[in-house]
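Notes follow once the structure below has been shown.
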């Protein structure tokens, strides 16, 4: 934890003036995997870690309830190229949150960074993701997650809803800035703070292919509540590419993901209060209406395909709101 003297000094130092020339802390990268089908993506993900300009002290691959995948990964990531890799099993209940917790508890570094098994990092990803930790008020960081569509980019999917495919969305800051929570495909935390806050809630988050979420949101809020002034910093220069399969580019998946996000957000507010909806309120009442107006204007002029985006913006917002209300009803019962 930061001392009072450090807090006073850091409050007077802008984040963008901090010296990020050398990172003076140990780092563990944690990758959770559950699907044998995504093994080629997992290999690409781990290989991207071996090419980092600032090497991690260890890379921990956590296999979530898949014995066959565990055996293959244990054999694949045992050579000299993967000298710093450790393959372990999820020791808790099935799910992404539990797998990440297993990795955190097995790690030995000051900083724990998380990369999805279907994402691969730019060579400077880790250095730029961890540079803000020179500020002792930085509790965690998040990077820019760019979609890499397996097929063509869906014409109907607005960038304001890229969070449905696990990527950075239109509305996030364009420069290094404080945010409420990172996107799980590319994030990091001070290990001790994450442990003190109680790790990720195992009753939240994705389980297999069921697209629940918000475990990152809830954990980030709890971490920042540990000490006044603690912040999560968004680092858009820290970039990963996130594979988006065709199955996530359908209207059915989009609406289901929006609905379950609403359900998950109701769980967040139950645990941490109304602060769990601060970012969503701005996005729902400022960013999305602005996008509807912008796309509708294009529709009226010449870009008639924008009608699909207008429809997606409206139905996505409705589905998310419906899920949130349904979650509130469940909570009251």
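The values are calculated or read from the model by the stated rules, or taken from the named source; none is laboratory data. Just so we're clear, the structure is a prediction, and the values are computed from it rather than from any experiment. Reconstructed Cβ throughout: ideal geometry from the backbone, glycine too, with neighbour counts over all protein chains shown.
Observations on the model:
- Residue 43 in a helix (DSSP H, G or I), surrounded by fewer than 18 Cβ atoms within 10 Å (Cβ to Cβ) and touching a residue at least 24 places away in the same chain (Cβ under 8 Å): yes
- Of all residues in region 68-83 being at pLDDT below 95 and out of contact with any helix residue (DSSP H, G or I) (no Cβ under 8 Å at 6 or more places or on another chain), the one that is nearest to residue 129 (Cα to Cα): 83
- Of all residues in region 104-126, none are outside any loop (DSSP other than H, G, I, E, B), out of contact with any helix residue (DSSP H, G or I) (no Cβ under 8 Å at 6 or more places or on another chain) and touching a residue at least 60 places away in the same chain (Cβ under 8 Å).
- Total residues in region 67-87 satisfying the condition of being surrounded by fewer than 19 Cβ atoms within 10 Å (Cβ to Cβ) and part of a loop (DSSP other than H, G, I, E, B): the figure is 4.
- Residues located in region 146-172, provided they are touching a helix residue (DSSP H, G or I) at 6+ places or on another chain (Cβ under 7 Å) and assigned to a loop (DSSP other than H, G, I, E, B): 150, 151, 155, 156, 157, 158, 168, 169, 171
- Among the candidates 214, 235, residue that is over 23 Å from residue 63 (Cα atoms) and crowded, with 20+ Cβ neighbours inside 10 Å: 235
- Whichever residue in region 200-221 is over 12 Å from residue 93 (Cβ atoms) and not in a loop (DSSP other than H, G, I, E, B) and, among such residues, is modelled with the lowest pLDDT: 210
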